[in-house]
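Structure first, then comments.
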Amino acid sequence: MDGNEFLAARFEENRERLKAVAYRMLGSDIEAEDAVQEAWIRLGRSDSAAIGNLGGWLTTVVGRVCLDILRSRRTRREEPLESGAPDASLSGRTLGPQPGGDPEQQALMADSVGLALLVVLETLDPAERLAFVLHDMFAVPFDEIARIVDRTPAAARQLASRARRRVQGADPVPDPDAARRREVVDAFLAAARDGDFDALVAVLDPDVVARSEGAAGAASLVRGAANVARQAIMFAPFGRSARFALLDGAPAVVSEVEGRRFSVMRFTIERGRIAELFVINDPARLPGLDLMLLGD
C-alpha cells in the first residue's frame, strides 16, 4: 500500500463520523457529503505527515466548512417554515431522502437527529450551532472549538451554553444514548450506596480514571476500576442526596449537604461503561458551573 492509499484508508475510517458531524451541523445529507468531500480535498493539499491527530484535524476542517455554509445562509433571505413541514430553506434541500442517496442510511440519520432538533438548531447563530453540536454531541473540547470559531475557549463555552439554553426551551427529542448514560449513572450510584464493590467494578471501564479538584488547588488522580470502586464506596453517604444534572452537556450528579451544594461529579461514558469521573468540590468553583438540573 503506497502513501496515497494509506491516507485514503485512514480518511475512510473517519468518514462516517465526519458525515454525522456535518449532517447535524447542516441538516442536509447532500451538503454533509459536500463538506466531507471538501475535507478530503484539503487533506490532499496538506502535508499529511505533519498532522499528528488526523481525526481532530478532519473534524476541524469539516467544522470550518460547515460554519462557512451556515454563514452563507444568513446572507440571503430564507422563507419561513410551514407548520409540520421540513425546512425548505436548507439550500433548497429537504431533510428527507435525497436523490441518488442511500434511503436506509438517510432514514437512520434523520431518526438520530430528529426534525424538531434540526429546526431548533436552524434558529441558532452559526457559531452557537457549531459549538453546541461539536461539544454536546461529539465531545470535542472547547479549546479545539475555539480555534474553529476564532474565539477563546471561554467564549466557545459560552456559545455552547447559550445554544443549550435555546435547545432546552424546545420540545424534547428522545435520545436513546442519553437514556443509556442515565442508566449507567443510576447503576453506579446504586452500587455505591449499597457498598457493592463487584457491581461498581462491573459498571467501570477497567482503565477508568477518577480526578478530583478541591479548594486551594488540591487535586487527586485515581486509576483502575478496583481503586475507583473503593473510592466510590466512600462517596456513598453523599450520593444519597445526589441530583442528576448535565455539566457542559455531559451526565453529572450534584450532591448537597443541608441544602447546600457540596460537590459535582461529571461522568464520561464510553461503550456502556464509565471511562472517567471528574469530581469538583471546590466551593469557589461550584457556583460558576454551567449546570442543568434534571428530574429525579
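Just so you know, all these numbers are worked out from the coordinates, no wet-lab data involved. This is a predicted model, so every value here is computed, not measured. Cβ atoms come from the backbone with ideal geometry, glycine included; neighbour counts cover every protein chain shown.
Computed quantities for the displayed model
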read-out	value
Protection proxy ranking of 190-200, 15-25 - average other beta-carbon atoms within 10 Å, highest first	15-25, 190-200
Ordering of 139-147, 38-46 by burial proxy (mean other Cβ atoms within 10 Å per residue, highest first)	139-147, 38-46
HN-Hα J in Hz across segment 59-72 - Karplus 6.51, -1.76, 1.60, θ = phi - 60°, x for Gly and Pro	4, 4, 5, 4, x, 5, 4, 5, 4, 4, 5, 4, 5, 5
R0 of 35 Å, Cβ-Cβ distance I41-E270: FRET efficiency to nearest 0.05	0.65
Relative packing of peptides 60-68, 125-133 - highest average C-beta neighbours within 10 Å first	125-133, 60-68
